[in-house]
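Structure record follows, encoded as structure tokens.
The values are calculated or read from the model by the stated rules, or taken from the named source; none is laboratory data. Computed from a prediction, not measured in an experiment: that's the story for all the values here. Cβ sites come from the backbone with ideal geometry, for glycine too, and all protein chains shown count toward neighbours.
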Amino acid sequence: MASGLLASTMVWAQECPLVPLQVAELADADDANLMLEFKFKALDKQLAQAHKKNLSRPGGDLLTMRRTSRTISYLGGRRETLMRMWLDERPDSFFAQMFAADYYEGMYSEARGSGPVSSLSETNLQDMRKHSERAQKHLLKAMELDPTSALPHVTMMVLSATLGEAGGRDTQQWLELANKVDPKNMGARINAVNYLSPRWGGSFELLDDMVKQASKSLHKEAAHYLAYNIVMARASHARVIEHNKAEAHKLYKQALGMCENSHFARTGITQTY
């Protein structure tokens, strides 16, 4: 059942600008082209300008996360080589360090797979630890380069979710630190919707409390989008874990009522009809 806070957001019933688009944006291709042309100084400048602009908008660092994630999709198998070239040329680039960390986090997630933790072999776990350590090295450097950014903490949350810790902290502790570093962060909070959910040993009560606390510092558009994500997480939990299609259908409809442009909610409604 939705909390009072989540239920109260239903009065919005409008489009949510923070719902991700289903198409790539021109800026993503621009970033990728600069990488492919080895113009790393220009890339750093372009990303820094975009990130500064994003921090003044309700989506904050989440918008930067999405931009870099989409850029990666353009690079294909050239990603690792370009990452090394960028780091070699500009080792004090915050974005180069984050790009490298995200590369190794991707390798970590690949080794993790999608099955239950109990199904992981010792080889899987060894590979995960190896990639986690490599990612952490770059994340710690990124934190030094920009101590006001919570973006490194987002990746630390991913790394700590399965192995129980990364950099000496668990997922919730990384979220708490992210909120101290950047009280308006959205990236870590959106990540928490997954990694602090019941599926990962958390609870929806914990997530509801996160939204309540976040609403004190976030723009109301951002807090609303965060609440929408928790309703979507509840719907997914009801459908996938509890196999309760009726409850999931109701929750997907609630989510669509909160963000009318959510193609994710519409897909959920169709799947549970």
### Summary
Within the stretch 241-252, residues in a helix (DSSP H, G or I) and modelled with pLDDT of 95 or more come out as K245, A246, E247, A248, H249, K250, L251, Y252
### Task
Give the stretch 47-76 a look and list any residue that's part of a loop (DSSP other than H, G, I, E, B) and either surrounded by 17 or more Cβ atoms within 10 Å (Cβ to Cβ) or in contact with a Leu (Cβ under 9 Å, 6 or more places away or on another chain) (or both), or say none.
R57, P58, G59, G60
### Query
How about the stretch 224-250: which of its residues are touching a residue at least 40 places away in the same chain (Cβ under 8 Å) and either surrounded by 19 or more Cβ atoms within 10 Å (Cβ to Cβ) or within 30 Å of D182 (Cβ to Cβ) (or both)?
H224, Y225, L226, A227, Y228, I230, V231, A233, R234, H237
### Message
I'd like the full set of residues that are closer than 17 Å to G106 by Cβ and either out of contact with any Phe, Trp or Tyr (no Cβ under 9 Å at 6 or more places or on another chain) or modelled with pLDDT of 95 or more (or both), limited to the stretch 57-70.
### Response
M65, R66, R67, S69, R70
### Of all residues making up the stretch 83-134, the number that are in contact (Cβ under 8 Å) with a residue 40 or more places away in the chain, buried (at least 20 other Cβ atoms within 10 Å of the Cβ) and more than 19 Å from the chain's Cα centre (by Cα)
2
## Note on the structure
Residue pairs within 6 Å by beta carbon, gap of at least six or interchain, first lying in the stretch 31-56 and modelled with pLDDT of 95 or more, second basic (K, R) and outside any helix (DSSP H, G or I), listed first then second, are F40/R90
### Message
Here's a check for you: in the stretch 162-171, which residue that is touching a helix residue (DSSP H, G or I) at 6+ places or on another chain (Cβ under 8 Å) and surrounded by fewer than 23 Cβ atoms within 10 Å (Cβ to Cβ) is nearest to E133 (Cα to Cα)?
### Response
G167
### Message
Quick check on T148: is it surrounded by fewer than 23 Cβ atoms within 10 Å (Cβ to Cβ) and under 19 Å from P183 (Cα atoms)?
### Response
yes
### Query
Does N229 meet the test of being under 19 Å from P20 (Cβ atoms), among the polar types (S, T, N, Q), at pLDDT 95 or above and part of a helix (DSSP H, G or I)?
yes
### Message
Which of the numbered conditions does G201 fail, given that it passes all the others? Conditions: (1) closer than 16 Å to A161 by Cα; (2) surrounded by 21 or more Cβ atoms within 10 Å (Cβ to Cβ).
### Response
(2)
